[in-house]
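A short worksheet on the structure shown next.
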Amino acid sequence: MAKSGYQNRIELVQGTLDMLVLKTLQWGDQHGYGISQAIRASSNEVLQVETGSLYPALHRLERAGWVSAEWKKSDANQRAKFYRITALGKKQLANDYERWGKMVATIEAIMSAKERAL
């Protein structure tokens with residue numbers, strides 16, 4: 001049975017995508033396509049954020065006050081909405097990153113356990 005390309009993709013849960021978007025915006029203002037390319041490049045092509053996931057996340061982050069947006073000209077001289085992380089977004093990113101670390105440590109502890117604790 002042949003494996004489809006879909007089986008090799010890693011699906012991101014909503015909170016993780018939000019955290020990655022906020023982290024990407026810490027590197028500087030960016031439009032949606034640039035954010036998706038930055039995540040893709042930073043993950044060595046493992047994470048590919050589809051527009052159907054990215055733009056709802058950006059709108060959600062904007063509504064929460066974690067990012068602000070402004071229409072500008074892109075490098076390709078096209079009108080694009082550029083996103084910027086806000087002070088509130090930076091605080092949220094710090095909180096998310098701390099929770100992420102705890103989650104990773106917890107999952108690692110479970111995965112490396114020799115037997116089930118009762």
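The values are calculated or read from the model by the stated rules, or taken from the named source; none is laboratory data. Keep in mind that this is a model prediction, so the values were computed, not measured. FYI the Cβ positions are ideal-geometry reconstructions off the backbone, even for glycines, and counts take in every protein chain you see. Calculation scope for accessible area: heavy atoms of the full protein, side chains included, ligands and nucleic acids excluded. Shrake-Rupley method; radii C 1.70, N 1.55, O 1.52, S 1.80 Å.
Computed log10 I(q)/I(0) for the range 33-86 at 0.15, 0.17, 0.28 Å⁻¹: -0.47, -0.60, -1.14, from the Debye equation with unit scatterers placed on every C-alpha and solvent omitted. What do you get for the angle between helix 14-26 and the principal long axis of the chain? Use alpha-carbon atoms, 0 to 90 degrees, nearest ten. Helix 14-26 sits at roughly 50 degrees to that axis. Relative to the longest principal axis of the Cα atoms of the chain, helix 51-64 runs at roughly 80 degrees. Here the average projected area of the convex hull drawn through the C-alpha atoms of the range 2-111 stands at 8.5 nm².
The count of lysine pairs in the range 2-111 with alpha-carbon distances below 13 Å, taking only pairs 8 or more places apart or on different chains, stands at 4. Per residue, the chain reaches -18000 deg cm²/dmol at 222 nm when only DSSP H runs of four or more residues are counted, each adding -39500 (n - 2.57). Here is the result for the range 33-118: no chymotrypsin sites (Phe, Trp or Tyr not before Pro) lie in DSSP coil with at most 12 other C-beta atoms within 10 angstrom of their C-beta.
Taking Lys and Arg as +1 and Asp and Glu as -1, the other residues whose beta-carbon sits under 11 Å from that of L20 total 0. Just the protein heavy atoms count here, and of the accessible area of the chain at 1.4 Å, carbon and sulfur take up 54 percent. Quick check: the angle from helix 32-42's long axis to the longest principal axis of the chain, C-alpha only, nearest 10 degrees? The angle comes out at about 40 degrees. A 1.4 Å probe run over the range 2-111, with the rest of the protein chains in place, finds 68 Å² accessible per residue.
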